[in-house]
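Q: Have a look at this one before I ask anything.
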Amino acid sequence: MKLATIRTAKGTRAVRLDGDQHVDLGYASVGDLLAEEDWSSRASSTGSTTYPADGADFAPVVPRPSKVVCVGLNYRSHIEEMGRDLPEYPVLFAKFADTLTGANDAVAKPAETEQLDWECELTIVIGSTVRHADEEQAAAAIAGFTAANDYSVRDWQFRTREWLQGKMWEATTPVGPYVVTPDELPGGVRPQLAARLTVDGVEKQSANTSDLLFDPVDLVRYISTITTLRPGDLILTGTNGGVGHARAPQEFLWGGETVEITIEGIGTLTNTIVKG
């Protein structure tokens, strides 16, 4: 299934993609749907209200997750371009719900930065409450996958040894357009998907999600050891090589660019950068 949260004249709605239509599932968001223990059967039900899929206004797939956990340095190509050693354990940091925005929303370049960068990321969407998960429990807790762009404010990120201040800028993390259940993706809960990012049509990043050092099941196991993961929580799994900060010369976003991420089987994020 492909699920989304769309904006309508009457507020946000959780929908399922059926052909060229979005079927209303009776919930305000995918997050609300996932809070139901039998969310999968509810998501498969037939709704009486539909909306055209063409031209849909996507909200973040889960507008208010209880937590957004991010993984740094999780592709060998990105680790090497940043001049770092391969990590023994996942490198974790967090975002807040206020950082999230819709798949096709404009992203404002903060006026305080001259180093706004892009990061293409496969994102795990949690579908059940899990703590201290073993491998089987971790796999079962994955509702599906979506795409995200972890826009990063590099000059703030590297002010200190901690990254948070460069990652938490408001409305700078588009997520979507769809949550796709593992049964529809090659590799299932360890998906093998082509992922590509372009700026004004020029390819900057290209990878396959099978190259993750710590795969989605590993990440759910590890993170659930630290904290309870709840339905709707998001885990951004890291980016691959090709970020602007690591290029020679460095490249950053100034306003006016169109940045697109396409992850096979999930869809495309398209964001115009505007000067904040």
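Q: Please enumerate the residues belonging to the stretch 1-35 that are of a type in the set (A, V, I, L, M, F, W, C) and either part of a strand (DSSP E or B) or farther than 14 Å from Arg64 by Cα (or both).
A: Met1, Leu3, Ala4, Ile6, Ala9, Ala14, Val15, Leu17, Val23, Leu25
Q: Pick from the stretch 43-83 the residues that are of a type in the set (S, T, N, Q) and assigned to a loop (DSSP other than H, G, I, E, B): which of them is nearest to Ser152 (Cα to Cα)?
A: Asn74
Q: From the set of residues in the stretch 159-182 that are in a helix (DSSP H, G or I) and in contact (Cβ under 8 Å) with a residue 24 or more places away in the chain, which is nearest to Ile263 (Cα to Cα)?
A: Among those residues, the one meeting the criterion is Pro182.
Q: Find the residue count for the stretch 134-158, including only residues that are out of contact with any strand residue (DSSP E or B) (no Cβ under 8 Å at 6 or more places or on another chain), modelled with pLDDT of 95 or more and in a loop (DSSP other than H, G, I, E, B).
A: Adding up the residues that qualify gives 1.
Q: Is it the case that the stretch 236-249 has a residue that's under 28 Å from Leu17 (Cβ atoms), under 15 Å from the mean Cα position of the chain (by Cα) and not in a loop (DSSP other than H, G, I, E, B)?
A: There is at least one residue in the stretch 236-249 that is under 28 Å from Leu17 (Cβ atoms), under 15 Å from the mean Cα position of the chain (by Cα) and not in a loop (DSSP other than H, G, I, E, B).
Residue by residue, here is whether (1) in contact with a helix residue (DSSP H, G or I) (Cβ under 8 Å, 6 or more places away or on another chain); (2) touching a residue at least 60 places away in the same chain (Cβ under 8 Å); (3) among the basic types (Lys, Arg) holds:
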| residue | (1), (2), (3) |
| --- | --- |
| Asp54 | no, no, no |
| Pro65 | yes, yes, no |
| Gly72 | no, yes, no |
| Asp85 | yes, no, no |
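Q: So for the stretch 3-18 (the condition being modelled with pLDDT of 95 or more, within 19 Å of Ala147 (Cα to Cα), surrounded by fewer than 18 Cβ atoms within 10 Å (Cβ to Cβ) and assigned by TED's automatic domain parsing to the domain that holds Leu122), does at least one residue qualify?
A: No, the stretch 3-18 has no match at all.
Q: I've got another one for you. Mind checking which pairs have a first residue in the stretch 200-213 that is of a type in the set (Lys, Arg) and a second that is at pLDDT below 95, Cβ under 7 Å, 6 or more apart or different chains?
A: Lys204/Gly242
Q: Oh, and also: From the set of residues in the stretch 100-137 that are over 19 Å from Phe158 (Cα atoms) and among the acidic types (Asp, Glu), which is surrounded by the most Cβ atoms within 10 Å (Cβ to Cβ)?
A: Out of the qualifying residues, it is Glu121.
Q: Quick check: anything in the stretch 193-213 surrounded by fewer than 21 Cβ atoms within 10 Å (Cβ to Cβ), on the phi < 0 side of the Ramachandran plot, of a type in the set (Ser, Thr, Tyr) and part of a loop (DSSP other than H, G, I, E, B)?
A: no
Q: Suppose the filter is among the acidic types (Asp, Glu) and crowded, with 16+ Cβ neighbours inside 10 Å; does Asp24 pass it?
A: yes
Q: Here's another thing I want to ask about it. If you take the residues of the stretch 170-179 that are among the hydrophobic types (A, V, I, L, M, F, W, C) and buried (at least 24 other Cβ atoms within 10 Å of the Cβ), which of them is nearest to the chain's Cα centre (by Cα)?
A: Val175
The values are calculated or read from the model by the stated rules, or taken from the named source; none is laboratory data. Just so we're clear, the structure is a prediction, and the values are computed from it rather than from any experiment. Cβ: placed from backbone, ideal geometry, glycine included. Neighbour counts: every protein chain shown.
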